[in-house]
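Q: After the structure tokens below, expect a handful of questions from me.
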6 protein chains.
Amino acid sequence: MKLLVINPNTSQDVTRLIEAEASRSIRPNTELTMATAPFGVAYIETRAESLIGGYAAMQIAAEHYQQYDAIVVAAFGDPGLTALREIMPIPVVGMTEAAVLSACQQGGRFSVIAISQRIQAWYRECIASYGLEGRLASIRALDEPLQHIGQVQENQGERLIELGRRAVEEDGADVLILAGAPLAGLARSVADRMPVPALDGVTCALIQAQAMVDMAAQTPAAGSYTQPPTKPCQGLGAPLAALVGRQPVDA
Amino acid sequence: MKLLVINPNTSQDVTRLIEAEASRSIRPNTELTMATAPFGVAYIETRAESLIGGYAAMQIAAEHYQQYDAIVVAAFGDPGLTALREIMPIPVVGMTEAAVLSACQQGGRFSVIAISQRIQAWYRECIASYGLEGRLASIRALDEPLQHIGQVQENQGERLIELGRRAVEEDGADVLILAGAPLAGLARSVADRMPVPALDGVTCALIQAQAMVDMAAQTPAAGSYTQPPTKPCQGLGAPLAALVGRQPVDA
Amino acid sequence: MKLLVINPNTSQDVTRLIEAEASRSIRPNTELTMATAPFGVAYIETRAESLIGGYAAMQIAAEHYQQYDAIVVAAFGDPGLTALREIMPIPVVGMTEAAVLSACQQGGRFSVIAISQRIQAWYRECIASYGLEGRLASIRALDEPLQHIGQVQENQGERLIELGRRAVEEDGADVLILAGAPLAGLARSVADRMPVPALDGVTCALIQAQAMVDMAAQTPAAGSYTQPPTKPCQGLGAPLAALVGRQPVDA
Amino acid sequence: MKLLVINPNTSQDVTRLIEAEASRSIRPNTELTMATAPFGVAYIETRAESLIGGYAAMQIAAEHYQQYDAIVVAAFGDPGLTALREIMPIPVVGMTEAAVLSACQQGGRFSVIAISQRIQAWYRECIASYGLEGRLASIRALDEPLQHIGQVQENQGERLIELGRRAVEEDGADVLILAGAPLAGLARSVADRMPVPALDGVTCALIQAQAMVDMAAQTPAAGSYTQPPTKPCQGLGAPLAALVGRQPVDA
Amino acid sequence: MKLLVINPNTSQDVTRLIEAEASRSIRPNTELTMATAPFGVAYIETRAESLIGGYAAMQIAAEHYQQYDAIVVAAFGDPGLTALREIMPIPVVGMTEAAVLSACQQGGRFSVIAISQRIQAWYRECIASYGLEGRLASIRALDEPLQHIGQVQENQGERLIELGRRAVEEDGADVLILAGAPLAGLARSVADRMPVPALDGVTCALIQAQAMVDMAAQTPAAGSYTQPPTKPCQGLGAPLAALVGRQPVDA
Amino acid sequence: MKLLVINPNTSQDVTRLIEAEASRSIRPNTELTMATAPFGVAYIETRAESLIGGYAAMQIAAEHYQQYDAIVVAAFGDPGLTALREIMPIPVVGMTEAAVLSACQQGGRFSVIAISQRIQAWYRECIASYGLEGRLASIRALDEPLQHIGQVQENQGERLIELGRRAVEEDGADVLILAGAPLAGLARSVADRMPVPALDGVTCALIQAQAMVDMAAQTPAAGSYTQPPTKPCQGLGAPLAALVGRQPVDA
């Protein structure tokens, strides 16, 4: 199967981290294509940045989806996920959603270990929007400004492990999620130093994307995830207009 | 005070409906400026369309906010509301949020009367994201395809009133919200035919926007609604880059 | 417009604090009338005291409402609020309700800074009754016995600011509510020392009361906030009997 | 043991119904004393009436509690229950609370069968305030105006049974609560015509009151249910002042 | 009345502790019979152990219920409670359920004081399954390995009291529940050293069991707690087969 | 990889249905082994039957797990799932959990289509225990007694499709789950007649089991899903004793 992995951040360094971990999480017959947001911010931490990243991901998806079996939105917080799922006739999987659903299958409550204080509110709202705030034991985050987004793992590895340990001991987490694309691959390397399963959002998203393709569910013809009703649109570019409006005024 | 009212839909007909009702909802010393989304769809009904509308609203806000005291996002479902609130140093008010908070001050549970079946899921998720699903008695919606978005009130007025009556009698609503910018002004004209208070999102948003300006609250210097951390960005245009990235790579 | 502000506490010192802040929160054409509970306790901190204060407020409202456009119940915890709203044909606004709804329009989660440990449970239950416990980051309170209720601000000002800072840093509050009528006016004077918007319940209540009058919503003819059904009553005094029973047995 | 049963309604007919059922629900060594609200409405259906009834119950309790082992607040909706519990050094039991907790020990979800449409919102809020809305399958109510409150059972018995049957079949109730003091005794007479256990609030309250006395729990010296802090009060009468203020200004 | 008290743990020491406290919690005309799980673990702390204990309790109940008026499942966490309630024609009461419902009648929020760290997750899930997680202030637990399950009270008494005090002061508990059959009787002996009512699960369960018998509710003929539908079964032994399958294939 | 699929029902017909669908849901290199409960009921519909089935599944798992990479509990309602997950060092997947988590990745809210009225309460409680009741649009069920559990699909296929259609149109479901092992394979054959994706619990469970093996998460050494503490046990048989007690008294 062919998977399109969209990094809604503009950082190529982050795309490389995602790709490296994604490559370790696919089956032999799965092919990966990476795409990086052409506009937006280097690393998404807030609601505003997520809205921009979500729109960028939507543009990429609209342009390229026809050659793929599924799409992965590869930023924690899942920018644009439900919007893409609504207009795409193929499965769309998000890193946060995939990670929390995987965590739910391995324990009672999970904690998220994050790379900045600011990012916590957005993560919490994302998880709450999936109805799973009751399974969230805590979010714990690094408290220093991020210098080099591509080098968080090297610079802050020990501190991240310590946060994980405290989440288990003090917050009652049965599973840890190491959150954020810049941490892609970390869980694999520190797994044996963590007291409970430590999940990587990229790994979970790739595995769930392949699972969703395996499932071969029908594209909905009704309900709130069938394609939006036909209507006039403008300024969207032909690929997105074809999906959202299908009556482009500016065509 | 000066208010910028952004219509995240691309329909000028809808902008005119909003403006007419907004003009009836302001105090003598309040000045209105209307803006219409330069790209997107004529009328937002889905998560995907809302993401596009939110990004369009963000672009407009970034370009013009410096001349205003507050911004109103004038589409039910509040496209981009929390994102704008995060980056704007002035109050940002949404139609849904303002309507549901006003309803909470007038009764126990409220119902939303909407203009299409499809729109209900997005509305429900919006209200749930405010933590107020427990106050929502029901959403009831028209079930015919929308022909002329600017003429819903004329064509469907009686049916909308009937839906309102059933929400009160069968669902236990103490307050009704006539939802969606295309219904702007309807509540005012049918109020005396409704058994309970019927709220108009435009009215509520304009009144709350003025209330927020009255409140003169400080712009936050901490927490998750202070301006996002400085970071590289690209492709956003100078106004938005100045707010979100403040280190434009493509400057 | 004319507003009746009812202090359900019996302390005249507190009434003066409320009046001073209320006067700063009204528009030029708004007139204020203050009323103080003729029976009850000096300062309400518990469920029992709130029940008494609510009944006192109901007596005052029943006697005087006909000369006003709206009523403000000016004690945090909103004694008797929903009861008054049910029987009054004009808007009734509460300090807690107005403050939390205003906070919701300015951030994700809010904290309440309170003047005694004991008061916290009652506040929490009040906020939960509005369905907004999910938006409450924390309640933090002074832990010394209150000496002079009219002088809390002077004696405990620094400590209250410190509690606010911890609510932001440790509990994730985006907005602070300085709670309790004895703190009326404090937010205004310490705003620039707080890291996030600090709201004053009196300010919020006065602004929302004027907003509700602006809205000019119909009095309900159905639902659970229309006037109670006619029935025999006794011992209530003519004004309240006229609203609740309307068939006074003891007339 | 000695129990004081307070009817917060002013109707003596209702007091007699309560007493008849209460007499059937006590053990040989339990003595009952009935008290009827000296002011208020004949039958409580709303938030406003409940506030009045709660204050009346508080007055009665303050005056007489010293001769009793426990107090029963005998109106569905539990007027003043938590307030009384806060100031009384003996157990205080409410009809609704006792009925829903008894129902929880007999099935998964329960329905409430009520005597008027209007009463439903108040009941729902009462049950929600106990945190048990998730166990509530439905509230179903008679839809005709109540003529003779002391004769509801005779006039509407068949209709009440029918509502109960529908709650089981359509709403998934495992247990029924026949709600409201005017229905006292009905459950006992129709039990064999109901498909699931049908609980009487008076029965449940009396049985739980005796259970609470059996439990002999300590009066709290801390927490939010210990006696309110000492403070000035006025206009409360000596018995209530002794409990709430304990520094009566008007003594 | 005759009560069957089933200890789902295999420890006879624990059975003796339960019996001693149960004997102090019954009325003169109540007779107790104790039963100890014939298989399972000495002391249940986990979901797996609770499943085993629940099945053991079910076997005992099926064999003996016909001679009793009610059954008490005497392990905190209520192993098998809802299953037994479904198949038994007599009331079945659980220690946790009885304790939390009793706590709800004495305060706003309660804390559970438990005997091991591990046991907390299972307790939390049990309380959540009753819909009462919103009333739970905290669970606090001993953090040393348990040596002699029959001697926890002697060895850890002071530490348990200290945990209770912190739950009141730091977590806002109005009531404490000393949880786990090995603590049976402790509440009675330390009550006067606790700042709030301290409940014993055994006491609560016995008192509620007698209350449920007093209530004399009908056995359900419909709903999800009526006897399961007749169906083939095997390997269950005649008594359980008679209740669950009633068409024993292996008879 | 090698998967052990445990049918907690005793019906061999059901095991055959599960096996047929499971065989269609595995990858080429996955090997299946089926096991059927040696004791219990033919088809689990209630809490009591689920407790028995859970204990039977635990026995099978304890005896055979060492030869497998993951275990599937193949009854809707997931009998014993969390208990097995606690004691097994390999992933354990349940049909309900896998189906609802898969549904969450394909839409907003899902409905469950079930084979009997009675089964609904147990399903609802199961889904609620995962914290996902907020995503559940409805449960709809056949209302005739089940004759031949192995032939439900043939006899009731049209009726099941009709229930699915109503769940979408009336309840707002975006995804359907055809629930219960006796429906295994039905979704595959009726997919093109359903308006939204229709999921089969067996398919979902097999796909998620393989995903969990792919994930290769560490076995927890802490938290509430690490192996229970060592303790005396009796009567469990050597394999289960080794997992739960590890100090078999009866060895």
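The values are calculated or read from the model by the stated rules, or taken from the named source; none is laboratory data. Just so it is clear, the structure is predicted and the values come from calculations on it, not from any experiment. We place every Cβ from the backbone using ideal geometry, glycine too, and count neighbours over all the protein chains shown. For the accessible areas, the whole protein counts, side chains as well, though only heavy atoms, and no ligand, DNA or RNA atoms are used. Shrake-Rupley method; radii C 1.70, N 1.55, O 1.52, S 1.80 Å.
Q: Please compute the net charge surrounding F:Ile119, taking Lys and Arg as +1 and Asp and Glu as -1 over other residues with Cβ under 14 Å from its Cβ.
A: Values: positive: E:Lys231, F:Arg47, F:Arg118, F:Arg124, F:Arg140; negative: E:Glu86, F:Glu45, F:Glu49, F:Asp78, F:Glu125, F:Asp143, F:Glu144.
Residues near F:Ile119 contribute -2 overall.
Q: Give, ordered by residue number, each residue of segment C:1-35 whose 1.4 Å probe accessible area is reduced by a minimum of 40 Å² on adding the remaining protein chains to the chain alone.
A: C:Arg27
Q: Can you give the FRET efficiency for E:Arg193 and B:Arg159, using 1/(1 + (r/R0)^6), R0 = 60 Å, r = Cβ-Cβ distance, to the nearest 0.05? Before the final figure, lay out each step's value.
A: On the way: r = 68 Å, r/R0 = 1.13.
Calculated transfer efficiency: 0.35.
Q: Related question: Could you work out the relative contact order of segment E:1-138? I mean the mean sequence separation of Cα pairs under 8 Å and 6+ apart, divided by the number of residues, in percent.
A: Numbers: 222 pairs, mean separation 32.5, N = 138.
The normalised contact order for segment E:1-138 reaches 24 percent.
Q: In segment C:88-108, which residues become less accessible by 50 Å² or more once every protein chain is in place, relative to the chain on its own, using a 1.4 Å probe?
A: C:Leu101, C:Gln105, C:Gln106
Q: Quantify how strongly other chains surround peptide D:38-44 by giving the mean number of their Cβ atoms within 10 Å of each of its Cβ atoms. Walk me through the intermediate numbers first.
A: Details: counts 2, 8, 6, 13, 7, 3, 2.
Mean number of neighbouring Cβ atoms from other chains: 6.
Q: Please identify which residues in segment D:61-94 have an amide N closer than 13 Å to a label point set 7 Å out from the Cα of D:Lys2, following the Cα→Cβ vector.
A: In segment D:61-94, the label zone of D:Lys2 (backbone N under 13 Å from the point 7 Å along Cα→Cβ) covers D:64-71.
Q: I'd like the orientation of helix F:95-104 relative to chain F: the angle between its Cα long axis and the longest Cα principal axis, in ° from 0 to 90, rounded to 10.
A: Relative to chain F, helix F:95-104 is tipped by roughly 50 degrees.
Q: Calculate I(q)/I(0) for segment B:106-200 by the Debye formula, one identical point scatterer on each C-alpha and no solvent, and give its log10 at q = 0.13 Å⁻¹ to two decimals.
A: -0.39
Q: Another one. Need the per-residue list for segment D:129-156: every residue with at least 20 Å² less accessible surface in the complex of protein chains than in the chain by itself, probe 1.4 Å, sorted by number.
A: Relative to the lone chain, where solvent access is computed with a 1.4 Å probe, segment D:129-156 loses at least 20 Å² at D:Tyr130, D:Gly131, D:Leu132, D:Arg135.
Q: What fraction, in whole percent, of alpha-carbon pairs in chain E exceed 31 Å separation?
A: Values: 6702 of 31375 pairs.
Roughly 21 percent, rounded to a whole number.
Q: Going by Cα centres, segment A:171-236 and segment A:113-165 are how many Å apart?
A: 16 Å
Q: Can you check what the Kirkwood hydrodynamic radius comes to for the protein assembly as shown, Cα pairs only, in Å to one decimal?
A: Values: mean 1/r = 0.0302 Å⁻¹.
Every distinct Cα pair counted, the radius reaches 33.1 Å.
Q: Let me ask something else about it. What are the extents of the Cα atoms of segment D:2-101 along their three principal axes, listed from largest to smallest and rounded to whole Å?
A: 37, 28, 28
Q: Which distances in nm, rounded to one decimal and ordered from shortest, link the label point of B:Gln151 to the equivalent label points in the other identical copies, with labels set 7 Å from Cα toward Cβ?
A: Inter-copy label distances (nm, one decimal, shortest first): 5.9, 5.9, 6.5, 7.3, 9.0.
Q: Here is a further query. What does the copy distance list look like for D:Pro89, label position 7 Å along Cα→Cβ, in nm and ordered from shortest?
A: 4.9, 5.0, 6.1, 6.2, 7.9
Q: Now, a different point. Which whole-Hz couplings ³J(HN,Hα) result when phi for each residue of segment E:48-57 is put into the Karplus expression 6.51 cos²θ - 1.76 cosθ + 1.60, θ = phi - 60°, listed in order with x for Gly and Pro?
A: 5, 5, 5, 5, 5, x, x, 5, 4, 4
Q: Leaving out ligands, DNA and RNA, and with a 1.4 Å probe, what % of the accessible surface on segment E:59-116 is carbon or sulfur? Please report the intermediate quantities before stating the final value.
A: Numbers: 420 of 1070 Å².
Heavy-atom surface of segment E:59-116 belonging to carbon and sulfur, 1.4 Å probe: 39 percent.
Q: In the neighborhood of F:Gln105, defined by Cβ-to-Cβ distances under 12 Å, what is the net charge if each Lys or Arg adds +1 and each Asp or Glu adds -1?
A: With Lys, Arg at +1 and Asp, Glu at -1, the neighbours total -1.
Q: Could I ask something else about it? Just to confirm my numbers, what's the Cα centroid distance between segment A:1-25 and segment F:25-98 in Å?
A: Using only Cα atoms, the two centres lie 36 Å from each other.
Q: Kindly provide the helix-only [θ] at 222 nm of the protein assembly as shown, computed as the sum of -39,500 (n - 2.57) over DSSP H runs of four or more divided by all residues, to the nearest 500 deg cm²/dmol?
A: That calculation yields -13000 deg cm²/dmol at 222 nm.
Q: From the label point of C:Gln12, set 7 Å from Cα along Cα→Cβ, how far away are the matching label points in the other copies, in nm, ordered shortest to longest?
A: Those label-point separations list as 4.4, 6.5, 7.8, 7.8, 9.3 nm.
Q: What is the residue of chain C with the smallest Cβ distance to the axis taking C onto F, and what is that distance in whole Å?
A: Spelled out as residue then distance in Å, it is C:Gly134, 6.
Q: Follow-up question, since we're still on this one. Hey, got the average number of other protein chain Cβ atoms within 10 angstrom for residues in D:188-201? Display every interim value, and only then the final one.
A: Details: counts 1, 0, 0, 3, 2, 1, 4, 6, 10, 10, 2, 2, 2, 0.
Across the residues of D:188-201, the mean count of other-chain Cβ atoms within 10 Å is 3.
Q: Now for a different question. Give the accessible surface of segment F:97-200 per residue, rounded to a whole number of Å², with probe radius 1.4 Å and ligands, DNA and RNA excluded.
A: Result: 33 Å² per residue.
Q: Can you check what the net charge comes to around B:Gly94, using other residues whose Cβ is under 15 Å from the Cβ of B:Gly94 (Lys, Arg +1; Asp, Glu -1)? Walk me through the intermediate numbers first.
A: Values: positive: A:Arg47, B:Arg85; negative: B:Asp78, B:Glu86, B:Glu97, B:Glu125, B:Asp200.
Result for the local shell: -3.
Q: In addition: List the accessible area buried at the contact between E and D, summed over both sides and calculated with a 1.4 Å probe, in Å² to the nearest 100.
A: Values: alone 11140 and 11140 Å², together 19000 Å².
Buried area (both sides, nearest 100 Å²): 3300 Å².
Q: Oh, and also: Let me confirm one metric for peptide D:57-63, namely the mean number of other chain beta-carbon atoms within 10 Å of its residues' beta-carbons.
A: 1
Q: With r defined as the distance between the Cβ atoms of D:Glu31 and E:Arg166 and R0 fixed at 41 Å, what FRET efficiency is calculated, to the nearest 0.05? Mind dumping the intermediate values first?
A: Numbers: r = 41 Å, r/R0 = 1.00.
According to the calculation, E is roughly 0.50.
Q: Testing the spin-label approximation: label points 7 Å from Cα along Cα→Cβ at A:Ala20 and F:Ala128. State their distance in nm.
A: In this crude spin-label approximation the distance works out to 4.8 nm.
Q: Counting pairs of alpha carbon atoms under 8 Å apart in space and at least six apart in sequence, what relative contact order in percent does segment A:97-200 give?
A: Numbers: 169 pairs, mean separation 36.0, N = 104.
With pairs under 8 Å counted, the relative contact order is 35 percent.
Q: If you don't mind, there's one more thing I want to ask. Regarding segment E:170-216, what are the three Cα extents along the principal axes, ordered largest first, in Å?
A: 41, 23, 18
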